[in-house]
2 protein chains.
Amino acid sequence: MSTSVPTREAPARGRRSTRASGDERERAILTTAEKLLEERPLSEISVEDLAKGAGISRPSFYFYFPSKDAVLLTLVDRMVEEAAVGREEALAGLADDPRSAWRQGLQSYFEAFGSRRGVIRAAAELRPTNAEARGLWTQVMETWIADASVIIEAERARGAAAPGRPARELAIALVQMNERALFATFSGEEPALSEETVLDVLVDVWVRAIYGAAAD
Amino acid sequence: MSTSVPTREAPARGRRSTRASGDERERAILTTAEKLLEERPLSEISVEDLAKGAGISRPSFYFYFPSKDAVLLTLVDRMVEEAAVGREEALAGLADDPRSAWRQGLQSYFEAFGSRRGVIRAAAELRPTNAEARGLWTQVMETWIADASVIIEAERARGAAAPGRPARELAIALVQMNERALFATFSGEEPALSEETVLDVLVDVWVRAIYGAAAD
DNA sequence: CAATGTATCAACACACTGTCGAGTCCGTCA
DNA sequence: TGACGGACTCGACAGTGTGTTGATACATTG
């Protein structure tokens, strides 16, 4: 580890340059955003609100972040990283018990996203209008899909899973289902599955879609 | 089943009152919106653009619609109504051939939404910020889910479908999958299923999830 | 031919975003 | 020590968008 600043792998969307004291200010903006997002949607939060919450003026805000969106992307980055941690481990014990292995894979996302409702809600709100947000989300989906495809193929090869449409196609549909269902549940949409049942239902569909043979 | 179509009284979101000549103007606004939405997202279309496209001034626009959102909701209303038409018929020949019956049910949505990409994209963009849009979409989902639940239960009762989690839960997850997958495909997101395969893949998951027993 | 309702728009009042430039504060080093 | 420069701050401005108001046409139609 180098002695210099704790190498923040954070993308260049944070502060303009520098690395002096105002570090806390940057933090303050982030935590303010997180707090406000629990209360109301992104569209009802202005740069002024963020600045005020961090105890600075609006122009000063722009010293730390180039826009409101950038703040959010930083938050999302963080969350995604957390979610990715659990992903690896889950994919071990497949041969033993597919159902609970798949369940585990889902669970890490469930937990990471579930603990930051404001942020995912905002992310969903941002995606349509912000290309960077779209790209970031695409990446997440893509790794998820890639993982699932590989496993589906492996399960088919060893004869555990039923043959059928290309693994990737199946994976895309299932991952999209997860995304939508979890978003709906966490943002309190109607209709949505309850927090207690989402995981079970989703895993059920996954397992049936992957292992069950197509009827007729 | 009851087929209670969401009573279609023209929503009060059109013109302030009246119903005189300026009818064409209202139309012009609607078609302008539809046209512009094929080119660029809702967030990049201003009331000014809409007004200009319809050959009137911005204030005049407000004589016809209370806001930009209202224009869109009208468009969505229309589209949803079209989509609902095919729904009824599809649900007949289930006993004969479940797969193609389910496929047919999906197809009407596929076609209705696929022919108005701009509008669905805008609808997705609007949903997070506009309560009315959310409510409208909720209704659509709800009828879809209700239908699916009833059928799943019927199929289980007659022994065709496998038992499992409550039909409604299954229906919610599957309908959400459809929604997300179709949106992704039609708005050219990445990753997404191709237009040629979406329907097949979705139907495949539906059939396996409903008729296939849970493996493990 | 008034009177009533339809339709139109210039001008205004706001809200928000992003930028510019003039500052302050503080550590460094000549 | 004192001036130089970089970190940081904010008042004031410019731009773009929304929604409203009030004055004004232009019909009908009673």
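For the range B:135-216, a/c is not less than 1.5, where a ≥ b ≥ c are the root eigenvalues of the C-alpha gyration tensor, and a/b does not top b/c. That puts it in the oblate class.
When Rg and Dmax are taken over the Cα atoms of the range B:115-177, they come to 15.0, 44 Å. Return the lysines within reach of A:Lys52: Cα separation strictly under 21 angstrom, same-chain partners fewer than 8 residues apart disregarded; answer none if there are no such residues. Reachable lysines: A:Lys35, A:Lys68. Considering only A:Val175, A:Ala154, A:Thr143, whose Cα is most displaced toward the positive end of the charge dipole of the range A:121-191, charges sitting on Cβ of Lys, Arg (+1) and Asp, Glu (-1)? Going by the Cα projections, it comes out as A:Ala154. Set the Förster radius R0 to 51 Å, insert the Cβ-Cβ distance between B:Ala213 and B:Arg13 as r into 1/(1 + (r/R0)^6), and round the FRET efficiency to 0.05. Working from the Cβ atoms, E equals 0.60. The distance separating the Cα centre of the range A:115-154 from that of the range B:96-114 comes to 28 Å. Distances between copies of A:Glu82, taken at a point 7 Å out from Cα along the Cα→Cβ vector and listed shortest first: 4.3 nm.
The calculated FRET efficiency for the pair A:Thr143 and B:Thr138, based on their C-beta separation and a Förster distance of 25 Å, comes to about 0.20.
Every read-out reported here was derived from the displayed coordinates using simple, explicitly stated rules and does not represent laboratory data. Given the structure is predicted, the values throughout are model-derived calculations rather than measurements. For neighbour counting, all protein chains shown are included, and Cβ atoms are generated from backbone atoms with ideal geometry for every residue, glycine included.
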